[in-house]
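Take a look at this one; I'll ask things after.
Where a number appears in this text, it was derived from the coordinates with a stated rule and is not lab data. The shown structure was predicted, so the numbers you read here are calculated from the model rather than taken from an experiment. Cβ atoms come from the backbone with ideal geometry, glycine included; neighbour counts cover every protein chain shown.
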Amino acid sequence: MNVGEIQELGPIGCYARRWAVQGRGCNPYTVTIKKNLIKGEPPYDVFGCSCPDWAKHYPRQDCKHIMKIKLEVLAPTQPAPTIMTLTLCAILGRFDGDRQKAVVYCAGMAMDYPSLREEYTAYALILMEGL
Ligand SMILES: [Zn+2]
């Protein structure tokens, strides 16, 4: 797999959906959505990832792989303003509301994932101006 590539994996066990997300390392990380909670509203709180960044935070915070899945795979099925607002809140929450750090993070994401450059550039601009 190439850096930034997403590959849908089949459901297994309690996971309804799984994706392999290739970062800069050798092996891709696996993003999952649990099966029993996928009905109804968007399952934003039942995501998981195999990366260390996701595992080290409790309460859980979206890592960049989960954000990538939300934006590239799931976002088209959600109303745009909702996903935009949720993503911005998630990014801000990740840095305890520190806008400057959030902007730096968005800039990093735009560099790491060229396919998401426009989205993250937009997020950075909104964060700089205020939600
Ligand atoms: Zn991750």
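Looking at region 50-69 only, could you name the residues that are more than 19 Å from residue 95 (Cα to Cα) and either assigned to a strand (DSSP E or B) or under 10 Å from the mean Cα position of the chain (by Cα) (or both)?
Of everything in region 50-69, just one residue is more than 19 Å from residue 95 (Cα to Cα) and either assigned to a strand (DSSP E or B) or under 10 Å from the mean Cα position of the chain (by Cα) (or both), namely 69.
Just checking, how many residues over region 2-27 are part of a loop (DSSP other than H, G, I, E, B), within 14 Å of the ligand (Cβ to nearest atom) and over 16 Å from residue 112 (Cβ atoms)?
1
Which pairs do you get when a residue that is within 8 Å of the ligand (Cβ to nearest atom), found in region 45-62, comes within reach of a residue that is charged (D, E, K, R) and part of a loop (DSSP other than H, G, I, E, B), reach meaning Cβ atoms under 8 angstrom, with the pair 6+ apart or on two chains?
Between residues of region 45-62 that are within 8 Å of the ligand (Cβ to nearest atom) and residues that are charged (D, E, K, R) and part of a loop (DSSP other than H, G, I, E, B), the close pairs are 54/60; 54/62.
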